[in-house]
Amino acid sequence: MARGPDVFMAMPRAGQGGVTAVHAPRGSDPSVVIETLRLNKFYGKVHALRDLDLQVHEGDVFGFLGPNGAGKTTFTKILLGFVKPTTGWSYLFGQDVHAGGRQVLSRVGIVPDQFGFYPNLTGRAHLDFYGRLYGLAARDRESRIEELTKLVRLEHRMETKVGGYSHGMRQRLVIAHALLNDPDLIIFDEPTTGLDPKGAYEVRQLLRQLASRGVTTFLSSHILFEVEEICTKVAILNRGVLLKLATVRELKKEFSAVSGEQLEIVVDNPGTRILDAVRGTKGVVDLKAEAQRLTATIDDPDQVPKVVEAVVGAGGRIRRVVERQVSLEDLFLHYTDDGLGPGAPQKPVVPPGVHQAASTTRASRWKEGKR
Amino acid sequence: MSTQGRGLGFWDGAWQIARKDTLVHLRTRRLLIIGGFYVISFLGLALLFAVFFREFFSGFYDRLSGEAFYISKANAVMAIYLFMPLIGASSLLQLLGIIFGYDAVVREHEDKSLFLILSKPVSRESFIAGKFLGSILSIGAIFIVLGAATYLLVALVVGEMPSPGDAIRYFLGLGFILMGLFALSAMALFFSSWVKTTGMSLTVSLLVWILVLFAISTGGDIYRGVNEEVGADDPVYLLTQYINPTIAAKSGMHFILNLDALAEAGVPLGAIALASSGINLDPLVGFLWLVAWVVVFLGGTIVVVRNRNFE
Ligand SMILES: Nc1ncnc2c1ncn2[C@@H]1O[C@H](COP(=O)(O)OP(=O)(O)O)[C@@H](O)[C@H]1O
Ligand SMILES: [Mg+2]
């Protein structure tokens with residue numbers, strides 16, 4: 001994406017504050033941007049959210065990960081006061097938008113997963129309207145629209161009716177709309193779904209750019225690598241239940257301790273001597289051999305050099321060493337029972353496009369390695 | 001943070017919604033097409049009436065004395081020309097109220113543009129007020145053009161400008177009809193706030209308008225027709241008449257034209273009398289009824305939208 005002008009006038013905000021699933025009394029910590037307490041939502045008999053306790057802190061780049069139907073959209077709609085929770089509470093900056101705290105919405109920007117514009121109005125008319133709804137003065141509105149349309153590269157389509165926009169252009173317009181008020185919190189609900197690879201790439205670039213400015217970002221997505229790439233913290237939601245809430249690093253560490261790290265070594269001259277040497281190395285908990293390829297499972301990433309030394313010491317001529325990092329995809333599958341079962345995702349977890357190539361390679365390699 | 005906006009007050013929010021809706025009505029040409037249709041039909045009606053009935057009414061000039069009538073003698077014919085098409089077609093005019101109300105909320109929901117609005121610091125009450133304001137702005141704009149054009153056309157045909165008093169009465173009469181439109185628009189807005197599709201909203205609004213409102217007032221007429229002892233001021237009969245905002249609007253027209261006095265003077269009112277079946281209604285009650293109608297439906301809409309989960 002072309003570099004846009006600097007539209008983020010807000011001072012960079014420090015990204016600290018841990019993610020915790022506690023029942024902290026509301027307002028006790030001014031750095032808590034999003035907070036929910038025992039949030040439940042029923043759609044008839046469908047229990048879309050179950051006892052959700054969540055905190056997002058100032059500066060977090062928070063990934064909200066879950067398969068389709070997990071309840072992500074329901075959660076964002078409740079946060080913004082559009083849908084009422086069946087029981088429980090939700091707060092934005094300590095304010096309850098369901099109980100008269102709507103003014104706080106002037107600090108929030110939203111990119112919904114589904115939205116509609118007015119086909120007969122121009123792009124500019126739309127941004128002007130939403131700017132007015134935020135209560136922006138005429139001069140602020142104008143300068144903001146000017147900057148944002150450049151940022152999302154719609155400056156030449158501002159006078160065209162939105163009815164003629166492509167899906168990608170509409171997505172860029174809705175992102176511009178969400179930034180009009182220079183938000184302190186921006187919520188993206190599956191912002192790249194349905195975009196072509198280039199469009200999705202551009203949106204992710206924009207997300208990264210925003211996140212690097214310290215704007216608290218809440219990214220709801222079913223696309224794992226997107227969250228892994230951009231987010232620092234992640235919550236995993238499945239069928240309305242919050243399964244995990246931690247930093248990406250913590251999650252990976254925990255997972256490699258549970259399932260081990262995979263080290264793949266390809267040697268020219270496989271043999272039992274080499275196998276025995278590797279097996280005898282500290283930290284190796286499992287070893288599989290398949291033609292020239294050895295796959296060792298180690299419980300401590302620091303043991304990698306030792307394993308390599310053992311192979312060389314046993315006379316092995318190493319052609320290639322691949323250390324397979326635990327990806328969020330592995331974690332996700334681990335926590336969501338492969339995301340299958342009743343109420344499972346309707347759509348494939350990885351959408352078509354460039355990222356498919358990247359992710360499926362990783363996923364299939366992982367599966368190969370496992371078997 | 002200066003550029004974050006200050007949030008919106010009630011009326012400011014309502015005004016932004018109304019402004020947007022008017023813009024959409026302009027861009028989709030709804031305002032132009034529907035407004036054009038109405039203006040042209042009414043000009044045609046007024047013209048027809050003026051041309052065909054001018055001579056007929058001229059003979060009664062002498063019997064009208066300025067003192068006894070709300071209509072000044074010189075302009076009596078003209079006033080009748082002006083009001084005749086409006087009274088006769090005021091039912092059709094009510095449709096205008098429904099056209100600019102039935103889809104106000106439900107379309108935003110159907111087209112998924114509602115979330116983008118309600119995720120802003122605008123209250124739902126303000127949103128509804130804006131929706132109503134937007135529809136009465138569009139209706140009002142059409143009505144002003146329609147009224148002024150008819151007025152000018154009739155003045156042209158009759159060949160003289162009406163007295164200031166007649167002009168005031170004419171626009172007062174228009175005000176009554178307009179109020180009736182607002183009532184219908186508030187009703188349609190109410191339906192648009194709790195149904196799931198625009199089609200459903202239009203159907204319900206039209207059905208209530210045609211079946212309930214006309215059935216009740218016509219039923220009242222029949223009830224009075226078959227019962228000799230039921231007079232024009234029978235409370236049950238009156239209630240059936242007030243129920244229909246069309247008739248309540250006509251009561252104001254009747255007052256302003258003073259049709260009773262015209263009839264006493266021997267002017268054959270014919271179709272005029274027929275069209276103003278609310279002849280015995282108190283215009284003040286009629287007006288208050290229309291106001292109550294707006295308040296009840298607008299309040300109902302706010303209650304529905306405030307509590308509705310748009311899921
Ligand atoms: N308006 C609705 N009516 C009934 N069920 C709904 C509605 N919206 C969502 N659901 C159900 O709630 C669950 C969560 O949906 P959603 O929040 O859209 O999930 P996600 O955004 O994670 O895909 C799903 O089982 C879905 O079918
Ligand atoms: Mg969703």
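We did not get these values from a lab; they are worked out from the coordinates using the rules stated. It should be emphasised that the depicted structure is a prediction, and the values quoted were computed from it without experimental measurement. Because the Cβ atoms are built from the backbone with ideal geometry, glycine has one as well, and the counts that use them run over all protein chains shown.
Give me the extension gain from B:I40 to B:W11: residue separation times 0.36 nm, minus the current Cα-Cα distance, reported in nm with one decimal. Walk me through the numbers before you get to the answer.
Numbers: separation 29, 0.36 × 29 = 10.44 nm, distance 3.44 nm.
Taking 0.36 nm per residue and subtracting the Cα distance, the gain is 7.0 nm.
Kindly state, to the nearest 0.05, the FRET efficiency for B:I168 paired with B:K112, given R0 = 45 Å and r defined as their beta-carbon distance. Calculated value: 0.40. Between B:D221 and A:K288, the simple label model (points 7 Å from Cα in the Cβ direction) yields a spacing of 8.7 nm.
By counting other Cβ atoms within 10 Å of each Cβ, how are A:S31, B:S193 ranked from fewest to most? Before the final figure, lay out each step's value.
Working: A:S31 15, B:S193 24.
Sorted ascending by nearby Cβ count, the order is A:S31, B:S193.
In terms of its alpha-carbon gyration tensor, segment A:114-161 comes out oblate; a/c meets the 1.5 threshold, while b/c is at least as large as a/b.
What ranking do A:218-228, B:296-306, A:295-305 get when scored by the average of other Cβ atoms within 10 Å per residue, highest first?
Numbers: A:218-228: 24.2, B:296-306: 18.5, A:295-305: 16.8.
Packing order, densest peptide first, comes out as A:218-228, B:296-306, A:295-305.
Filter the cross-link list A:K252/A:K306; A:K77/B:K112; A:K45/A:K84 down to pairs whose alpha-carbon distance in this structure exceeds 18 Å.
Numbers: A:K252/A:K306 22 Å; A:K77/B:K112 13 Å; A:K45/A:K84 16 Å.
Beyond 18 Å between Cα atoms: A:K252/A:K306.
Using the Cβ-Cβ distance between B:V295 and A:T247 with R0 set to 51 Å, the FRET efficiency from 1/(1 + (r/R0)^6) comes to roughly 0.40.
The modelled label-to-label distance for the pair A:R324/B:I33, using points 7 Å beyond Cα in the direction of Cβ, is 6.1 nm.
In plain terms, the chain from A:N269 to A:E155 could stretch by 34.9 nm, reckoned as 0.36 nm per residue minus the Cα-Cα distance.
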